[in-house]
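Worksheet: one structure, shown below.
The values are calculated or read from the model by the stated rules, or taken from the named source; none is laboratory data. As the structure is a prediction and not an experimental result, all values here were calculated from the model. Counting neighbours? That spans all protein chains shown, and the Cβs are built from the backbone with ideal geometry, glycine included.
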Amino acid sequence: MYEEIKEFVEVAAVFVGGKAVPKAFFWRGRKYIVEKINLEHQERQGSDPLFYFSVTAAGNSYELSFDSHNLVWKLERIWTK
């Protein structure tokens, strides 16, 4: 099942080679450990880059976005089994 979320979340990330790598995120009082990054891509929001990460956590797929200008993360959508 697919669901649009569009909610701000807290993300624990490391920076490797100048890019963010999400390791866990916190949503609705629960911690999700990122098991795998399935896909990454970048888009422009005006002149600022917006980074997207499709990740696997807790057996489901999630799309996180990172706004590097405002330094905020969002949970964009979820695909559940």
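Here are some residues: LYS74, LYS36. Which one is surrounded by 17 or more Cβ atoms within 10 Å (Cβ to Cβ) and of a type in the set (Lys, Arg)? Going through LYS74, LYS36 in turn, just one is surrounded by 17 or more Cβ atoms within 10 Å (Cβ to Cβ) and of a type in the set (Lys, Arg): LYS74.
For region 1-45, the strands (runs of 3 or more DSSP E) that sit wholly inside it and include 2 or more residues that are touching a strand residue (DSSP E or B) at 6+ places or on another chain (Cβ under 8 Å) and more than 16 Å from VAL55 (Cβ to Cβ) are 2-16, 36-45. ASN60 meets each of the listed conditions (1) under 25 Å from MET1 (Cβ atoms); (2) without any contact (Cβ under 8 Å) to a residue 12 or more places away in the chain apart from (2).
Would a scan of region 63-81 turn up a residue that is out of contact with any strand residue (DSSP E or B) (no Cβ under 6 Å at 6 or more places or on another chain), more than 18 Å from GLU4 (Cβ to Cβ), in a strand (DSSP E or B) and not aliphatic (A, V, I, L, M)? No, the conditions are met nowhere in region 63-81.
If the condition is being at pLDDT below 95, under 14 Å from the mean Cα position of the chain (by Cα) and aliphatic (A, V, I, L, M), then region 1-25 contributes only ALA20. Cβ separations smaller than 9 Å between residues 6+ apart or across chains give the following pairs from region 27-54 residues that are closer than 21 Å to HIS69 by Cα to residues that are among the basic types (Lys, Arg) and assigned to a strand (DSSP E or B): GLU40/LYS19; LEU50/ARG44; PHE51/LYS19.
Let's see how each residue does on (1) of a type in the set (Asp, Glu); (2) surrounded by 13 or more Cβ atoms within 10 Å (Cβ to Cβ):
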site	(1), (2)
PHE26	no, yes
GLY29	no, no
TYR32	no, yes
HIS41	no, no
ARG44	no, no
LEU50	no, yes
PHE53	no, yes
ALA57	no, yes
GLU63	yes, yes
